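The values are calculated or read from the model by the stated rules, or taken from the named source; none is laboratory data. Because the structure is a prediction, the values reported are computed rather than measured. FYI the Cβ positions are ideal-geometry reconstructions off the backbone, even for glycines, and counts take in every protein chain you see. These area figures cover heavy atoms from the full protein model, side chains too; ligands, DNA and RNA do not enter into them. Shrake-Rupley method; radii C 1.70, N 1.55, O 1.52, S 1.80 Å.
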Amino acid sequence: MSDLLSKFRLIIGALLFLVFAFGALPIAAQQPTSVNPQASAVKEQQLFQELNRISGRCTLPDQKACTIEQPAGRDWRHFHEVTLRWIGGLAVLGTVAVLVAFYLWRGMVRIESGRSGRTIVRFNGFERFVHWMTATCFIILAISGLNITFGRPLLLPLVGPESFTAWSQWAKYAHNYLSFPFTLGVFLIFIMWIAGNIPNRVDVEWLKRGGGIVGHDHPPAYRFNAGQKMIYWIVVLGGAAVAITGYVLMFPFYGTDIASMQAAQITHAVVAVLFVAAMIGHIYIGTIGMEGAFEAMGSGTVDLNWAKEHHNLWLEEERARTGPNERQRQPAATPAE
Ligand code: HEM
């Protein structure tokens, strides 16, 4: 009897062993046979497609650094390295090309009645100081900013890595620090000239008549014509946009996440390159595009005939306000005989 019992136990034990042995097989099959520290079995593309990102755990204090790749990052890199360079290149070179063609066709807009030799004050010292401070900051901000966009493909191969690094570092300091006087300048321009830059019906007429730039017409205008008003609003709104987005970039992740940082960068860069294009147009008209215009911001005075041809309503207002206060231009010094 006890012999039978021990045989029965043996059979039950063997059966149980078989059940556990086979039951464990699928689990064992799931275990890796060897550990591959290179993770070469899993291709980057597979991970990217399955999880939409490559991220993991890391010991860095900034946990955002543990995300190595993500779709929005790739889109942003494409924008920065391809799309932005096209937008910037077309905007800047396109504007230059149009202006060169326009100058060859139209030439300088002359004071048609010639210079009267008498001048009237157009901008006071403070206005000119604010204008030139903002303009100087703008030019340095534009050059140092465009270095971030175009420096690597265009300048680096020409000057080599060491010079490019040194220049880029100084350019970056300039971009950061000059942002403050630039912002102040844009704010002062906004306050100083807002009264003369509200659009009105005279502007519609001015635009319909091509501003006198295309033909030889002299449509009436107050202190600022429709073209100058456009420049004013580009400076005020464009300046505000680059300032706000620029400070978001300068102080990253203060109340912003990676998506809003990317949005700020894209807005900053696109507004900036269009702003540069608009300012090239402004510089053209203020220098070789129109006779007598530069003096307004240079010495602060303009020739009376220039004022009559381009800003007749302003001239009338000034005369009504202060009486005829034009000055005879100082004759150029003649050498002793
Ligand atoms: C308050 C004014 C401004 C501030 C605070 C500011 C700030 C910044 C910052 C922090 C960056 C990123 C730099 C980097 O990636 O290391 C940048 C880039 C840039 N900025 Fe400005 N900026 C200002 C005005 C301007 C102006 C006026 C222009 C041009 C007219 C300009 C053009 C650019 C350009 C082209 C870039 C490079 C965009 C890119 O390729 O990523 N910025 N700016």
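Can you spot a residue in the stretch 105-123 that is assigned to a helix (DSSP H, G or I) and free of Cβ contacts under 8 Å to residues at least 12 places away in the same chain?
We begin by selecting, within the stretch 105-123, every residue assigned to a helix (DSSP H, G or I); these are 105-106.
If we keep only those that are free of Cβ contacts under 8 Å to residues at least 12 places away in the same chain as well, we get 105.
Yes, the stretch 105-123 contains at least one residue that is assigned to a helix (DSSP H, G or I) and free of Cβ contacts under 8 Å to residues at least 12 places away in the same chain.
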The listed residue being within 30 Å of Ala320 (Cβ to Cβ), in a helix (DSSP H, G or I) and either at pLDDT below 95 or away from the ligand (no atom under 13 Å from the Cβ) (or both), out of Phe224, Phe190: Phe190
Some residue of the stretch 65-74 being touching a strand residue (DSSP E or B) at 6+ places or on another chain (Cβ under 9 Å), more than 16 Å from the ligand (Cβ to nearest atom), in a loop (DSSP other than H, G, I, E, B) and open to solvent by 90 Å² or more (accessible area, probe 1.4 Å): no
Single match in Arg85, Arg74, Arg122, Arg53 (criterion: at pLDDT 95 or above, over 23 Å from Ile231 (Cβ atoms) and not hydrophobic (A, V, I, L, M, F, W, C)): Arg85
Members of the stretch 122-153 found to be within 20 Å of His282 (Cβ to Cβ), within 16 Å of the ligand (Cβ to nearest atom) and open to solvent by 60 Å² or more (accessible area, probe 1.4 Å), listed by number: Trp132, Thr136, Ile139, Ile140, Ile143
Filtered residues of the stretch 231-287 (kept if part of a helix (DSSP H, G or I), open to solvent by 40 Å² or more (accessible area, probe 1.4 Å), hydroxyl-bearing (Ser, Thr, Tyr) and more than 10 Å from the ligand (Cβ to nearest atom)): Ser260, Thr267
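Could you say which residue among Leu313, Leu304 is modelled with pLDDT of 95 or more and crowded, with 18+ Cβ neighbours inside 10 Å? Outline the logic, then answer.
On the way: Leu313 fails: crowded, with 18+ Cβ neighbours inside 10 Å.
From the options Leu313, Leu304, the qualifying one is Leu304.
Let me confirm something: among Thr119, Thr165, Thr183, which residue is within 16 Å of the ligand (Cβ to nearest atom) and surrounded by 13 or more Cβ atoms within 10 Å (Cβ to Cβ)?
Numbers: Thr119 fails: within 16 Å of the ligand (Cβ to nearest atom); Thr165 fails: surrounded by 13 or more Cβ atoms within 10 Å (Cβ to Cβ).
Going through Thr119, Thr165, Thr183 in turn, just one is within 16 Å of the ligand (Cβ to nearest atom) and surrounded by 13 or more Cβ atoms within 10 Å (Cβ to Cβ): Thr183.
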